[in-house]
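Have a look at the structure below, then the notes.
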Amino acid sequence: MNDPSRPFPIRVFPGPADIARAARDEFLRRAADAIGRNGRFNVALSGGSTPKRLFRELAEVDRSGEPIRWRSIHLFWGDERPVLPDHPDSNFGTARELLLSRIAIPAENVHRIRAELGPGEAAAAYERELRDSFGIGADETPRFDLILLGMGKDGHTASLFPGTGALRETGRLVVANRVGSHRTVRITMTYPVLNGADCVLFLVAGADKAERLREILEGDARPEELPAQAVRPATGELLWFVDAAAATRLQAQADLSG
Ligand code: 6PG
């Protein structure tokens with residue numbers, strides 16, 4: 001929930017391309033820091049359309065700028081739809097098309113949610129993979145260096161949708177969550193993982209998100225209806241990168257520093 005005692009940065013950018021460039025720079029800065037400190041950068045990517053520009057920016061840096069140290073970077077996903085990787089709705093498939101297919105990252109560094117196993121088994125398998133990859137026991141939570149998140153028009157994030165069972169999960173790291181009127185089952189990281197991160201970075205763009213963004217950032221605490229509101233890292237940083245169109249309803253002074 002929004003803890004007034006602990007404000008967090010909301011950076012407002014002119015447009016989606018500016019968000020992507022700023023997110024790229026944040027990614028690179030945190031990667032260099034984590035690799036310098038621990039020899040490895042653990043990052044969870046978000047799905048949907050907003051991160052596509054970021055994926056293109058990262059691929060472009062790798063091609064034309066100083067190569068990114070992908071051998072020391074491990075990519076995970078915050079959630080996945082119940083589809084195969086080559087389905088247009090696949091979050092992994094989107095990242096593969098725009099980023100993975102254009103960089104030299106070791107296969108073992110790419111931790112795909114294997115939705116083809118079926119939601120329940122895929123969630124259990126991904127939880128095992130998280131524990132194995134982070135080298136943690138059954139009673140520990142992985143601490144990601146960076147988790148990228150988006151926000152749906154209904155206030156969901158990852159696949160934590162309003163009024164769904166996953167919102168109340170406090171033990172497991174990854175669950176299958178039945179969502180929407182079609183009752184599809186998605187696989188999602190839970191709040192313990194999101195709120196255990198060193199940094200959570202929300203990327204939000206578009207006028208159609210403006211009212212929900214105001215409710216989440218400046219309204220009453222209603223996490224059951226506004227799941228993104230309950231993402232508050234316990235000790236890590238929370239950053240919101242939004243564009244001017246999404247920020248139109250915010251009272252907070254917009255800093256179009258970009
Ligand atoms: C997903 C994402 C989801 C997404 C929001 C925003 O699987 O769809 O994890 O949480 O981030 O729905 O999506 P857009 O960026 O497409 O608006």
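The values are calculated or read from the model by the stated rules, or taken from the named source; none is laboratory data. Bear in mind that the values here come from a model prediction, so they are computed numbers and not experimental data. Glycine also receives a Cβ, built like all others from the backbone with ideal geometry; neighbour counts cover every protein chain displayed.
Values as computed for the structure displayed
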| quantity | calculated |
| --- | --- |
| Selection count where residues are over 16 Å from Phe27 (Cα atoms), more than 11 Å from the ligand (Cβ to nearest atom), in contact (Cβ under 8 Å) with a residue 24 or more places away in the chain and not in a loop (DSSP other than H, G, I, E, B), scope the stretch 69-97 | 0 |
| All positions within the stretch 5-25 that are in contact with a strand residue (DSSP E or B) (Cβ under 9 Å, 6 or more places away or on another chain) and assigned to a loop (DSSP other than H, G, I, E, B) | Arg6, Phe8, Pro9, Pro14, Gly15 |
| Residue check for His87: in contact with a Gly (Cβ under 8 Å, 6 or more places away or on another chain), within 25 Å of Ile187 (Cα to Cα) and modelled with pLDDT of 95 or more | yes |
| Residues that are surrounded by fewer than 20 Cβ atoms within 10 Å (Cβ to Cβ) and in a helix (DSSP H, G or I), drawn from the stretch 27-52 | Leu28, Arg29, Arg30, Ala32, Asp33, Ile35, Gly36, Arg37, Asn38, Lys52 |
| Inter-residue pairs, beta-carbon under 7 Å, first within 14 Å of the ligand (Cβ to nearest atom) and in the stretch 27-50, second in a helix (DSSP H, G or I) and not polar (S, T, N, Q), 6+ apart | Leu45/Pro51; Leu45/Ala95 |
| Single unsatisfied condition, Ile19 versus (1) over 16 Å from Leu239 (Cβ atoms); (2) buried (at least 22 other Cβ atoms within 10 Å of the Cβ) | (1) |
| Selection count where residues are more than 11 Å from the ligand (Cβ to nearest atom) and either surrounded by 18 or more Cβ atoms within 10 Å (Cβ to Cβ) or over 17 Å from Ala123 (Cβ atoms) (or both), scope the stretch 148-166 | 4 |
| Lone unmet requirement of (1) assigned to a loop (DSSP other than H, G, I, E, B); (2) buried (at least 17 other Cβ atoms within 10 Å of the Cβ); (3) out of contact with any Pro (no Cβ under 9 Å at 6 or more places or on another chain) for Ala123 | (1) |
| Checking Asn2 against (1) closer than 23 Å to Leu160 by Cα; (2) modelled with pLDDT of 95 or more; (3) in a loop (DSSP other than H, G, I, E, B), the condition it does not meet | (2) |
| Enumeration of residues in the stretch 177-191 that are at pLDDT 95 or above and away from the ligand (no atom under 14 Å from the Cβ) | Arg178 |
